[in-house]
Ligand code: NAD
Ligand code: MG
């Protein structure tokens, strides 16, 4: 078997580390072409020493110089590059077969799209990229023959529960609706009135999953499920109204597909991202991921309940943006990124997050998307509006 060359965008993050864990279990099968990181340079250095990539990409020239010097001292031949163009270069390079898109937020859009436009197998963790660019992204997948495989555990589950020819349309393959499960995050059992005083530490203490800070806060506000609803509508070409969100506190059923004959097909497993990562890396084959087998007798029970719309307005805002379409989802995403950062920096309270997003959505009239520059401009404008709100509410 010939070796598969992998670029990991966002290697130093939670998904990046899990990806390298899976790869290190199959060194005959996978080799690392490039690793990228924006911070945590000591982690990136250790990853370069362990995986010997041809390239490492960092944020700026100063970081690059330090890392390059350390790597040379350790006799590591990895070449260190810096900046946004270098991210696109290692995502689209001729020798690369697979790109793990695991940068967090809008910063991942350009390199992920570069991988798509180069016709790579793209493992999509960076949901914000697809939320922002929707139709443009999916058209590029079609046009350039990229193979897009979802890493988000819910979307990976749905992919596994759908027939291979699902692109014919949900009605053609007999799907009634998609049931998107949500853990409900750390605040699922709180009262709405208690949310205004929660801290970033509490928001980041997810009961079932260990993840980066931004997605942890998104899980606590349920904006993560909102972004996932938009993500699912693009990935599987379904209307937002065909996607139902269900709170499932155990995070064992990763999502379900409801067929018109009454069959409901689900994918289950322990909550560990190495399962979807290994699935997408090896698809259509299967490889060991290092995840322990699911013991249903220990799990014992699986609970389901509807989300509380008063506690979690972000879910409604995302559904509305999905229905509106055009630039609305890019606005939603940008305002959310600004709000989450402000919450993590203790500049606003947790319940201000949906207020900022709603204000930004109301300030910018949605437009139909023209091209990538239009999306990036929308992203910038939405950030300005959200930041203005912050300045005016100090
Ligand atoms: P993380 O914060 O742990 O890691 C983010 C990575 O992106 C790091 O390598 C960081 O250096 C890099 N990065 C950050 N800002 C950057 C910038 N401006 N330019 C270039 N690189 C930058 O995040 P994570 O939890 O690994 O999540 C990554 C993506 O995967 C997110 O889009 C998230 O929604 C998605 N995702 C994560 C999980 C999970 O379990 N962690 C599950 C599903 C989906
Ligand atoms: Mg998810």
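Since every read-out is calculated from the coordinates, none of them should be taken as a lab result. Nothing here was measured: the structure is a model prediction, and the numbers come from that model. All Cβ positions, glycine included, derive from the backbone under ideal geometry; neighbour counts span all protein chains shown.
Hey, any idea what Rg/Rh is for segment 4-151, computing Rh the Kirkwood way over Cα pairs?
Value, to two decimals: 0.96.
How far, in nm, would the chain grow between residue 197 and residue 142 when pulled straight, counting 0.36 nm per residue and subtracting the alpha carbon separation?
15.2 nm
Tell me the label-point distance for the pair residue 172, residue 189, using the 7 Å Cα-to-Cβ offset, in nm and rounded to one decimal.
Placing both labels 7 Å along Cα→Cβ, they lie 4.6 nm apart.
If each residue of separation counts as 0.36 nm, what is the full-extension length gain between residue 303 and residue 287 once their alpha-carbon separation is subtracted?
2.8 nm
Assuming R0 = 25 Å, what is the FRET efficiency of residue 239 and residue 310, from their Cβ-Cβ distance, to the nearest 0.05?
Taking R0 as 25 Å, the efficiency between residue 239 and residue 310 is 0.50.
How would 295, 85 line up from fewest to most surrounding beta-carbon atoms within 10 angstrom?
Listed from fewest to most nearby Cβ atoms, that is 295, 85.
Give the relative contact order (percent, whole number) for segment 325-394; include only Cα pairs under 8 Å separated by 6+ residues.
Reported as a whole number, the value is 47 percent.
Once the Cβ-Cβ distance between residue 367 and residue 295 is put in as r, and R0 is 56 Å, what FRET efficiency do you end up with, to the nearest 0.05?
Efficiency computed from Cβ-Cβ geometry: 0.65.
Give me the one-decimal nm value for the distance between modelled label points at residue 52 and residue 265, 7 Å along each residue's Cα-to-Cβ direction.
Here the answer is 4.1 nm between the modelled labels.
Any idea how far the Cα center of segment 119-154 sits from the one of segment 83-116, in Å?
11
Rounded to the nearest 500, what is the chain's calculated 222 nm mean residue ellipticity when only DSSP H runs of at least 4 contribute -39500 (n - 2.57) each, over all residues?
Helices in the chain give a 222 nm mean residue ellipticity of -14000 deg cm²/dmol.
Report the antiparallel proportion of the DSSP beta bridges in segment 144-259 as a percent, rounded to a multiple of 5.
The antiparallel fraction comes to roughly 45 percent.
Please report, in whole Å, how far the alpha carbons of segment 325-394 spread along each principal axis, starting with the longest.
36, 18, 17
How big is the chain along each principal axis, measuring the range of its Cα positions in Å and listing the largest first?
So the extents along the principal axes, rounded to whole Å, are 57, 53, 43.
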